[in-house]
Amino acid sequence: MATLKDFRNEIRPNWCPGCGDFSVQAAIQRALAALNKEPHEVAIVSGIGCSGRISGYVNTYGFHAVHGRSLPTAQGLKLANRHLTVIAAGGDGDGFGIGLNHFIHAVRRNMDITYIVMDNQIYGLTKGQHSPTSATGMQVKTTPHGNIEQALKPTQLALAAGISFLAQGFSSDVNQLVSLIQAAIQHRGFSLINVFSPCVTYNKINTYEWYKDNVVNLDKLEGYQPNDYAAAMNQIREHDGLVTGLIYQDTNRAPYEDSIHNYASDSLSHVDLQLPSDVFAAALKEFA
Amino acid sequence: MLSELSWKVGGQQGEGVESTGETFAIALNRQGYFVYSFRHFSSRIKGGHSNDKVRVSLKPYRAIASRTNILLAFDQETIDLNAKELCDGGILIADEKFKPTAPNHVQLFSIPLTQLAEESGSAIMKNMVSLGASCYLLGLPLQVFEEVIEERFRRKGDKVVSQNMEALARGAAAMEQAGGAAVKLSLAKADGTRRLFMMGNDALGLGALAAGARVMAAYPITPASDVMEYLIKKMPTVGGVVVQTEDEIAAMTMTIGASYGGARAFTCTSGPGLSLMMEAIGLSGMTETPTVIIDTQRGGPSTGLPTKQEQSDFLAALFGTHGEIPKIVLTPATPEECFTAMADAFNLAETYQCPVIVMTDLQLSLSKQSTEPLSLDSIRIDRGAVTASSDLKEVPITTQFDRYKVTDSGVSPRVFPGTPGGLHHVTGVEHSENGRPNEGTANRQAMMEKRMRKLDGVELDESISRHGSADAKVVILGIGSNYGAIEEALDILQEEGIAASHVHLHKLLPFPVRALNEAFQNAEEILVVENNATGQIRHLLGFFGVKTAGTIRSYLKYDGSPILPLEIANDIKGRMHAWQH
Ligand SMILES: Cc1ncc(C[n+]2csc(CCOP(=O)(O)OP(=O)(O)O)c2C)c(N)n1
Ligand code: SF4
Ligand SMILES: [Mg+2]
């Protein structure tokens, strides 16, 4: 049986020392080991950004796609092999900027995949431009007079779009992140874990300390029930999106794969592709 | 006795023009005639003029003709727009209800189509009345339509079937009464050979199914949507899935993900979608993930002419996506070829691990036509180099599979995720043999060469076909649905004593330079026929260095309508004339 070390590889991440993404990498590895997964049963599909490199840093199957397209790529993979554990991952720009369209539709479709966003409220890889989650007023290269746009709240958006599993983590709390990732993988349907994963190089506002001072941990909130949609929305609004923990889960929705009419129960990678002659004959009749 | 004629029905979109045309065409196809239909429609659902033109012949003509013998008009607009193409003495059957007026060169039969339909049970059966009138004119027994009417209306009950039959009979009787006997255009009897009746899109869908496609991801667009709609019905019979995605970028990347996962996956679009897919097509090339993309060309650029014929995406398909990747482009000409092209496309994609673009055009995609019987025997499935899990049993977890192993052929075996012992990384970033990002110069060069080597010097079998006299001085080069018009132009020219040959491009990339050099050996005059404004195929001849001593000219058409046989023949004749002076 695979252990934690089996999910590690020899590659040294090219992240800056102190980057929040190291914790996400470690949390994914721990969660997979804790779930008794074998490395070959898992595929990580990522986008482009500092965060997007993560698919190469965990010893599983990995596909590093193009900017913003980890979700459709991951959904295609899941359709080809429904028995794989598919994790999509990337940054806030990747997922909520260029790839936002795909995010909303992945939520609607509800395939059984787990999406981990490393949200540093900045474009890291392209050296510090503002991102869709950058706060209003934030002064970076592309906002010399302060950001005049409003920040997107990924959790609020996800809830509005009808997500079936929603969580938010923070790179400083790896234990919580591990349990959130485990729960998300076990959830049957689409799950988002938005992780506050500080960029120590380009975001001097949303630092580890800043998050520590500002986030509210719902997992520790007395009486909080993650199956209560209205309560989830209220918490997000009350704390301006700065909550962590399992925010919302709907266990009643069937994943997309379960609802496809007559969909094969096996992976499509090794099925017999020869079209049965009776099916072909019946199809030809329609053109007689 | 006629061996060939053209029949057209026109009216407002949504008033049964399409079903009238289709009933007529199917019925005649079943008699053994070769039938070719072309639909003129616009980008709206109700209203606006539309028409269906049907060619009926004893020879396999795959083009519409310039003129029309019989025109059925449901409104005056149809007459105003189409009567000019009626040949001298051509027959116009119009609904008396709108008090039709017609130009002098045609014979107008004003028949109470609507009234007779109402007498048979309902005004909507005016199409049956008009079919009955046509049937009489062609000297065909009404029974020719019985079977088709039975099939079409069986679901609605016996009464509806018999009412439609009655409307048909009333139409024939009315035509006789109006003096139709004097103008009968009796068709020579066909031999009763049974053929299929389908459009290119039908054949692409069926071809994908036969080729083992299991995942289709696509976004609706004219004239591609039929393929998705067809497979949504059919995929459940083979346990596959069709996803209507949020856009074409998702369609293409979902296709890549599914193919990486080991399924045969494809997408289908038209020009605007192809543009959106470009970045991801590069990802497919760079990660050596096999993909199949159908591009059913329509009028461009931008939204262009969404419901009209054009062939202007060739250069985009060949050269689109930034950077350099190996790519294959297939250009079938007929529904028969669309059917086999899909298996070819998947086999080539998986053999060379690259994107394969199958290009049709609106005319090929949407023209329903007599199609020779299709057989599964012509389909072979070759998944290319895939390492079996049995070969990976002893591999330790920490070992990375060399997914991009440098080989002589440039092709490196794939392994599908989920396979123990096959762990590896895939990235659109330049990478080492094991798939890890690597920006080193020596690695870059080796990897670039490995990828490009896969198709280096390759010319695919049957990239071109040759027709007509091989030593003719005049060669007409065509692509896609122009096939039929060129074949027929050869016939027209031959009747006038002009020998020409027809060379058709069926596989555009790798560009068949050697085959074309040979085909052009004796040519003094080469006419490149294409539905675009800039002569894209002609430019490719130069780009790829095709050698010929002949003069290369273009016949171009970019007004949104198909190229007609007579236009090509006249162009050649004009040129011959110029030579003689
Ligand atoms: C189509 C396209 N446009 C732009 C880029 C350049 N680019 C690469 S990563 C990136 C943004 C990265 O930000 P984010 O997704 O937040 O990831 P981070 O680096 O912060 O982890 C951009 C704009 C690209 N690779 N592709
Ligand atoms: S630039 Fe920021 S996000 Fe990128 S690696 Fe460095 S710290 Fe991490
Ligand atoms: Mg970021």
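The values are calculated or read from the model by the stated rules, or taken from the named source; none is laboratory data. Model, not experiment: these values are computed from the prediction. Quick reminder, even Gly has a Cβ in these numbers, built from the backbone with ideal geometry, and neighbours come from all protein chains shown. The protein model used for the area step is the full one, side chains on, heavy atoms only, and it has no ligands, DNA or RNA in it. Shrake-Rupley method; radii C 1.70, N 1.55, O 1.52, S 1.80 Å.
Hey, which of these cross-link pairs are over 30 Å Cα-Cα: A:LYS153/B:LYS234; B:LYS97/B:LYS156; B:LYS327/B:LYS557; A:LYS5/B:LYS450; B:LYS84/B:LYS368?
Numbers: A:LYS153/B:LYS234 41 Å; B:LYS97/B:LYS156 28 Å; B:LYS327/B:LYS557 27 Å; A:LYS5/B:LYS450 34 Å; B:LYS84/B:LYS368 24 Å.
Violating the 30 Å limit, Cα to Cα: A:LYS153/B:LYS234; A:LYS5/B:LYS450.
Cross-link reach is defined here as a Cα-Cα straight distance under 18 Å, omitting same-chain residues fewer than 8 places apart; for A:LYS78 the lysines meeting it are A:LYS37. For region B:22-37, 3J(HN,Hα) computed residue by residue from phi via the Karplus equation (6.51, -1.76, 1.60; θ = phi - 60°) reads 5, 4, 4, 5, 5, 4, 6, 4, 5, 7, x, 6, 7, 10, 9, 10 Hz, glycine and proline entered as x. When you restrict to C-alpha pairs under 8 Å that are six or more residues apart and normalise by the size of region B:4-183, the relative contact order lands at 19 percent. Close amide H contacts of B:LEU330 (hydrogens built in the peptide plane, cut-off under 5 Å, sequence separation of 5 or more or a different chain): B:ILE357, B:VAL358, B:MET359, B:LEU508.
Which of the three applies to region B:385-458, rounded, prolate or oblate, going by the alpha-carbon gyration tensor with a ≥ b ≥ c and a/c under 1.5 meaning rounded? Because a/c hits 1.5 or more and a/b fails to exceed b/c, region B:385-458 counts as oblate.
Around the amide H of A:GLY62, modelled in the peptide plane, lie the amide H atoms of A:ILE44, B:HIS424, B:VAL426, all under 5 Å away and 5 or more residues distant in sequence or on another chain. Cα centroid separation, region A:1-49 to region A:54-106: 15 Å. Of the residues A:SER51, A:SER191, A:SER23, the one that moves most in a GNM of chain A with alpha-carbon contacts below 10 Å is A:SER23.
Order the peptides B:418-427, B:380-389, B:74-83 from the highest to the lowest mean number of other Cβ atoms within 10 Å of their residues. Display every interim value, and only then the final one.
On the way: B:418-427: 23.2, B:380-389: 14.7, B:74-83: 19.5.
Result, highest mean Cβ count within 10 Å first: B:418-427, B:74-83, B:380-389.
Among A:ASP272, A:ASP112, A:ASP258, the largest mean-square fluctuation in a Gaussian network model of chain A (Cα springs under 10 Å) belongs to A:ASP272. Counting only other chain Cβ atoms within 10 Å of each residue's Cβ, the peptide B:279-285 averages 2. Across all C-alpha atoms in region B:180-282, the radius of gyration and Dmax reach 18.9, 67 Å.
Distance from the Cα centroid of region B:469-530 to that of region B:208-262 is 35 Å (rounded to whole angstrom).
Springs join every pair of Cα atoms under 10 Å in this Gaussian network model of chain A, and among A:ALA231, A:ALA26, A:ALA106 the largest mean-square fluctuation is at A:ALA231.
To check you understand DSSP bridge types, tell me what percent of the beta bridges within the protein assembly as shown (both residues inside) are antiparallel, rounded to 5. Spell out each step's value before the answer.
Working: 34 of 117 bridges.
Counting DSSP beta bridges with both partners in the protein assembly as shown, the antiparallel share is about 30 percent.
Packing order of peptides B:32-40, B:14-22, highest average first: B:32-40, B:14-22 (average count of other Cβ atoms within 10 Å over each peptide's residues). The residues packed around B:GLU279, meaning those with a beta-carbon under 12 Å from its beta-carbon, carry a net charge of 0 if Lys and Arg are +1 and Asp and Glu are -1. Shielding of peptide A:277-288 by partners, expressed as the average count of other chain Cβ atoms within 10 Å per residue Cβ, is 6.
For Cα pairs less than 8 Å apart in space and 6+ apart in sequence, what is the mean separation divided by the residue count of chain A, i.e. the relative contact order in percent? Spell out each step's value before the answer.
Working: 588 pairs, mean separation 51.4, N = 288.
Relative CO of chain A lands at 18 percent.
For chain A, the convex hull spanned by the alpha carbon atoms encloses 154 Å³ per residue.
Ordered by 1.4 Å accessible area with all protein chains kept, A:CYS50, B:CYS338 run largest first as A:CYS50, B:CYS338. Take the alpha-carbon centre of region B:311-388, take the same for region A:156-179, and report the distance between them in whole Å. Using only Cα atoms, the two centres lie 43 Å from each other. Applied to region A:112-120, the Karplus parametrisation 6.51 cos²θ - 1.76 cosθ + 1.60 on θ = phi - 60° returns per-residue 3J(HN,Hα) values of 7, 10, 10, 10, 10, 9, 8, 8, 10 Hz, with x for Gly and Pro. In summary, the lysines within cross-link reach of A:LYS220, defined as a Cα separation below 20 angstrom excluding same-chain residues under 8 places away, comprise A:LYS212.
Computed over the Cα atoms of the protein assembly as shown, what is the ratio Rg over Rh, Rh following Kirkwood? Could you put the intermediate results ahead of the total?
On the way: Rg = 31.1 Å, Rh = 29.8 Å.
We get a ratio of 1.04 for the protein assembly as shown.
Packing, as the average of other Cβ atoms within 10 Å across residues, places the peptides B:293-301, A:168-176, A:217-225 in the order B:293-301, A:168-176, A:217-225, highest first.
Averaged over peptide B:227-233, how many Cβ atoms belonging to another chain are found within 10 Å of each residue's Cβ?
Values: counts 0, 0, 0, 2, 0, 1, 2.
If you average over the peptide's residues, the count of other-chain Cβ atoms is 1.
The lysines whose alpha-carbon is closer than 19 Å to the alpha-carbon of B:LYS473, local same-chain residues fewer than 8 away aside, are B:LYS547, B:LYS573.
Pairwise inverse Cα distances across chain B, averaged and inverted, put the Kirkwood hydrodynamic radius at 25.7 Å.
When the helices of chain B are scored as -39500 (n - 2.57) per DSSP H run of n ≥ 4 and the total is divided over every residue, the value at 222 nm lands at -11000 deg cm²/dmol.
Give me the dipole magnitude in Debye, nearest 20, for region B:385-458 about the Cα centre, with unit charges on the beta carbon: positive for Lys and Arg, negative for Asp and Glu.
On the way: 10 positive and 9 negative charges, 29 e Å.
Dipole magnitude for region B:385-458 comes out near 140 debye.
Report, in deg cm²/dmol and to the nearest 500, the calculated mean residue ellipticity at 222 nm for chain A, where each DSSP H run with n ≥ 4 adds -39500 (n - 2.57) and the sum is divided by the residue count.
Values: 9 runs with 86 residues, N = 288.
My calculation for chain A gives -8500 deg cm²/dmol from helical runs alone.
Once you have a ≥ b ≥ c as the square roots of the Cα gyration tensor eigenvalues for region B:4-183, tell me rounded if a/c is under 1.5, and otherwise prolate or oblate according to whether a/b is larger than b/c. Since a/c stays below 1.5, the shape of region B:4-183 is classed as rounded.
Once you keep just the Cα pairs under 8 angstrom separated by 6 or more residues, what percentage relative contact order results for region A:124-270?
Numbers: 198 pairs, mean separation 34.6, N = 147.
Here the relative contact order equals 24 percent.
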